[in-house]
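Notes for the one structure printed next.
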Amino acid sequence: MAPAASTDLGYTPPDGGWGWMVVLGAFISMGFSYAFSKAVTVFYKEIQEFFGASYSEIAWISSLLLAVMYAGGPISSILVNRYGSRPVVIFGGFLSGIGMIIATFSTSILQLYISVGVIAGFGFSMNLQPSVIVIGKYFLKRRPIANGLAMAGSPVVLSTMAPLNQFLFDRFGWRGSFFILGALLLNCCVAGALFRPIGPPSTKQKNPQIQHGDKASVALMENGHLDKKDETCMDKFNKFLDLTLFKHRGFLIYLVGNVIMFLAFYAPIVFLTPYAKHLGVDEYSAAFLLSVLAIVDMIARPVTGIIANSKWIRPRIQYFFSFSIVFNGFCHIMCPFASSYVGLVVYSVFFGLGFGMVCALLFETLMDLVGAKRFTSAVGLVTIVECVPLLVGPPLGGAIVDATGDYRYMFYTCGAIIVFAGVFLFVMNFYNYRMLRKEEKERQDKEMEMKDCASLTKEDGNKKVKNGHEVAAEKSE
């Protein structure tokens, strides 16, 4: 059984109340952050024709957006540690909206890279991290449920924005649509306003000894001031972004497993519709596969959160996460056996289930490993590392298709990589928890040994005192 990480927050999270409004804000903010890179692909064909760009040049818009969104994680974490979640999300919503509005005036594909990929992507990073972090401050017992509900924002927004984008394009073209979408993204500012700050009660009181000029208290204060001066630059930096997490065994296992998984995590989504068209499915039916995936994903995330919060799964949530990853990878391995449209629909259902399970547990398992206090730094460090496989994963999948001329080998490869990542996490988490139990037993044995030594020392002292009194009594007699 996995040991649960303590909160170390200095207060007990309310597990409800205003926390459900925080979940609503995170639902909106995270929904736009995750779904937007997929939803804007509706405009890619027209943008490609307008600028005369190639397929790979257009695909880099989404790749850059995802990479910058994850790469901005450490900056977002530092800002959250310094200013809190509310102002960071409000700033992120403003930045992402401005990026899309600027994209309206683009005259080259490079300007779209900057406005959509970099500016809007960085704004999404300001939306994503604080939304995940603030849930851990409001929830403890119900945290898996809260995370599952918040993560459900992505498929809900995706299933809503896909037809909305097509409607906007038919009415206003891609430029007018980008302008309207930029205005729509400003709603993330409203979502951020729901993130009311929460923390331990203030206990700032004046020390009466210092008021009366107690020299000992003044000396203690001076020594404390000197200790602060002796802090190194690394100690000060770790207050904003805790780099000591790279010495945390559970964190390193999680990081390595997720880097392997993210190499193949998004490529099947990118190539699902082209694969269906390759099999002779018409455009609208091929696009409907993403809707099927999104609808199942929408249901899977909150249900997974409820299951993960049960008394049987919660202590073993790391193994549940590993199972979800293996299940997701196995679905991709089976995809090439679907030779008809009905088979692709069945694959999309299972794909949406596996994808939703993984996404619902993605941040919950990290918080379970490192605790709520260090989670802010942990999520920032994880996302900056994960941006690399996210950036190169889809192009590598495309390279496999180009080299083999067949989409099946891409699905086989992605499935195998994801299954390997799940097995790796399962085995290494088993090893990690075994080592934790061993270390805990050694610590308890050491404490018992110290207590025994202390009791023996006390008994020896009592005997000496007793013998001393007896000798003194004999002398007096």
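The values are calculated or read from the model by the stated rules, or taken from the named source; none is laboratory data. Please read these numbers as outputs of a predicted model, since none were measured by experiment. FYI the Cβ positions are ideal-geometry reconstructions off the backbone, even for glycines, and counts take in every protein chain you see. Surface accessibility is based on the protein's heavy atoms, side chains included, excluding ligands, DNA and RNA. Shrake-Rupley method; radii C 1.70, N 1.55, O 1.52, S 1.80 Å.
Key figures for this structure:
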quantity: Accessible area in the full protein assembly, largest first, 1.4 Å probe, for Y284, Y113; calculated: Y284, Y113
quantity: Principal axes of segment 396-459: Cα extent on each, largest first, Å; calculated: 82, 14, 8
quantity: Accessible area (Å², 1.4 Å probe, nearest 10) - Y275; calculated: 10 Å²
quantity: In range of the label at W18: residues from segment 138-167 whose backbone nitrogen is under 15 Å from the point 7 Å along Cα→Cβ; calculated: 138-139
quantity: Furthest towards positive pole of dipole, V270, S322, V296, structure part segment 242-340, Cβ charges; calculated: S322
quantity: Distance in nm between pseudo-label sites at F430 and I299 (7 Å out along the Cβ direction from Cα); calculated: 3.3 nm
quantity: With all protein chains modelled, accessible area of E439 [1.4 Å, Å²]; calculated: 80 Å²
quantity: Segment 367-399 versus segment 137-186: alpha-carbon centroid distance in Å; calculated: 21 Å
quantity: Virtual spin-label span in nm between S455 and V118, 7 Å along Cα→Cβ; calculated: 6.8 nm
quantity: Accessible area of segment 49-194 divided out per residue, in Å², using a probe of 1.4 angstrom; calculated: 38 Å²
quantity: Of all accessible heavy-atom area on segment 57-207, the percent that carbon and sulfur account for (1.4 Å); calculated: 68 percent
quantity: Heavy-atom accessible area per residue - segment 318-428, 1.4 Å, Å²; calculated: 35 Å²
quantity: Rounded to the nearest 10 Å², the accessible area of K38 at probe 1.4 Å; calculated: 40 Å²
quantity: With every protein chain in place, segment 335-469: carbon and sulfur % of accessible area (1.4 Å); calculated: 66 percent
